[in-house]
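Enquirer: Mind having a look at this structure? Questions to follow.
The values are calculated or read from the model by the stated rules, or taken from the named source; none is laboratory data. Note that this is a predicted model, so its numbers are computed, not measured. Positions of Cβ are backbone-derived with ideal geometry, glycine not excepted, and every protein chain shown enters the neighbour counts.
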Amino acid sequence: MKTVNDLGDLRGKRVLVRSDLNVPLDGETITDDGRIRASVPTIRALSEAGARVIVCAHLGRPKGEPDPQYSLAPVAVRLRELLGRDVAFATDTVGESAKGAVEAAGDGDVVLLENLRFNAGETAKDEDTRGAFADELAGLADAFVSDGFGVVHRKQASVYDVATRLPAAMGDLVHTEIEVLRRLTEDPERPYAVVLGGAKVSDKLAVIDNLLGTADRLLIGGGMVFTFLAAQGHEVGKSLLEADQVDTVKEYLERAAADGVEIVLPVDIVAATAFAADAEHDVVPADAIPADRMGLDIGPASSALFAERLADCRTVFWNGPLGAFEMAPYAAGTKAVAEALVAATARGALTVVGGGDSAAAVRQLGFQDDQFGHISTGGGASLEYLEGKELPGIAILETTEA
């Protein structure tokens, strides 16, 4: 894999860095700066090497035109604080502000461009439209560093097309992410357990299909578990259910049994009268959820069961919260799994929190990043890698010259 070292001496060179700075905002307040912090080491290293660093990223899903609520201006403020140095902020991406900021940059200076997705060409399906925007981005720089792992599964201008137009390599963040994922897929230490949660089983079908040939245990929670319980013939009340996936899940359960893969399902559920923190709720057996209730977390016996089934594991990958962790009454299952991963890390196991809601959950529940082996910055990219899919933003780096 081509890394920054393969680009040679970068002093005085303009280096375009594709970072992932897509952080949650409450107005202009950043509520979780994890992705910014993860991006800082590569930006700092390039700056200290004397490069003129041009950082580009997206935030949210604007409709291909400027939208103030998705401005990266608050990110520029936080990036300055974390780097401990000035960061020039361009109010456009490839316009006069960007060109002026890049032209004024000296060796070691850092420029942050405005949201890439304010330009329709960034995410365009049409290759000519996307390519035209990539030409403008590439025109700002002498080299390209891909360091936004959360977008490497997207064939977008700043992820894929720019790498065909400039000497290109992956940054330290992307390199670390790929190395960790390879440890999960190429001869992982065993026992190897995968914990899957989140709302929909349909989002995880491909990864479950692939993991049935890799993992020793699959622990299932979150909203997706009710499709598994329904596949076993149990009543799930008003819980989230994807009825069109029940037959597929039945097939997975049969395959797992035939292949010796252990699937661990909850034995009890926290069932509530409504999706609300103040709703009446009780712990009920997983096979006896009342018809007028919805499951919003795994129960205490399930938390203990999951912790026990993780206790001897040497490798653990976790993607998706086990319940509606944003509401205190339904956070205990997610917290219990996080605690089990912390214990596994302490005894030397490789533990990987697979980005997205899982990363947000562990931070919201008071855990520190360094309590886990690795917290991924890209939930979607991690899952697609584990599905066995080719990631366009990685594949293009392997075919172009540094």
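Enquirer: Considering every residue within segment 49-65, establish whether at least one is touching a residue at least 60 places away in the same chain (Cβ under 8 Å) and over 23 Å from R165 (Cβ atoms).
Expert: Taking every residue of segment 49-65 in turn, none turns out to be touching a residue at least 60 places away in the same chain (Cβ under 8 Å) and over 23 Å from R165 (Cβ atoms).
Enquirer: Of the residues L72, L46, which single one is within 23 Å of the chain's Cα centre (by Cα) and either surrounded by fewer than 17 Cβ atoms within 10 Å (Cβ to Cβ) or under 30 Å from R363 (Cα atoms) (or both)?
Expert: L72
Enquirer: Still on this structure: Restricted to segment 194-225, and to residues that are surrounded by 17 or more Cβ atoms within 10 Å (Cβ to Cβ) and basic (K, R), which residue is nearest to A340 (Cα to Cα)?
Expert: Looking at residues that are surrounded by 17 or more Cβ atoms within 10 Å (Cβ to Cβ) and basic (K, R), I get R217.
Enquirer: Look through segment 21-39, keep the residues that are of a type in the set (D, E, K, R) and not in a strand (DSSP E or B), and return whichever of them is surrounded by the most Cβ atoms within 10 Å (Cβ to Cβ).
Expert: Within segment 21-39, the match that is surrounded by the most Cβ atoms within 10 Å (Cβ to Cβ) is R35.
Enquirer: I would also like to ask the following. Can you tell me which residues in segment 1-18 are outside any loop (DSSP other than H, G, I, E, B), surrounded by 13 or more Cβ atoms within 10 Å (Cβ to Cβ) and within 28 Å of the chain's Cα centre (by Cα)?
Expert: Within segment 1-18, T3, V4, D6, L7, V15, L16, V17, R18 meet the criteria.
Enquirer: Going by the conditions given, is I396 surrounded by 19 or more Cβ atoms within 10 Å (Cβ to Cβ), over 17 Å from A336 (Cβ atoms) and touching a Phe, Trp or Tyr at 6+ places or on another chain (Cβ under 8 Å)?
Expert: yes
Enquirer: Same structure, new question: Take the residues of segment 340-381 that are of a type in the set (S, T, N, Q), within 19 Å of I36 (Cβ to Cβ) and assigned to a helix (DSSP H, G or I): which is nearest to the chain's Cα centre (by Cα)?
Expert: The qualifying residue nearest to the chain's Cα centre (by Cα) is S358.
Enquirer: If you don't mind, another one. Only one of G393, G333, G295 is at pLDDT 95 or above, in a helix (DSSP H, G or I) and touching a Leu at 6+ places or on another chain (Cβ under 9 Å); which?
Expert: G333
Enquirer: Just name the residue that is nearest to R309 (Cα to Cα) out of those in segment 216-228 that are touching a residue at least 60 places away in the same chain (Cβ under 8 Å) and out of contact with any Lys or Arg (no Cβ under 8 Å at 6 or more places or on another chain).
Expert: Top of the filtered list is G221.
Enquirer: It is to be established whether one or more residues within segment 118-136 are crowded, with 24+ Cβ neighbours inside 10 Å, part of a strand (DSSP E or B) and either of a type in the set (S, T, Y) or in contact with a His (Cβ under 9 Å, 6 or more places away or on another chain) (or both).
Expert: no
Enquirer: Among the residues that make up segment 305-312, is at least one of them surrounded by fewer than 24 Cβ atoms within 10 Å (Cβ to Cβ) and part of a loop (DSSP other than H, G, I, E, B)?
Expert: Taking every residue of segment 305-312 in turn, at least one turns out to be surrounded by fewer than 24 Cβ atoms within 10 Å (Cβ to Cβ) and part of a loop (DSSP other than H, G, I, E, B).
Enquirer: List every residue pair whose Cβ atoms sit under 9 Å apart, with the two residues 6 or more apart in sequence or on different chains, where the first one lies in segment 178-195 and is under 12 Å from Y385 (Cβ atoms) and touching a residue at least 60 places away in the same chain (Cβ under 8 Å) and the second, anywhere, is of a type in the set (D, E, K, R) and surrounded by fewer than 18 Cβ atoms within 10 Å (Cβ to Cβ).
Expert: Taking only residues 6 or more apart or on different chains, the pairs are R183/E189.
Enquirer: Something else about it: Out of all the residues in segment 86-100, which are more than 18 Å from S19 (Cα to Cα) and either assigned to a helix (DSSP H, G or I) or touching a residue at least 12 places away in the same chain (Cβ under 8 Å) (or both)?
Expert: Within segment 86-100, E96, S97, K99, G100 meet the criteria.
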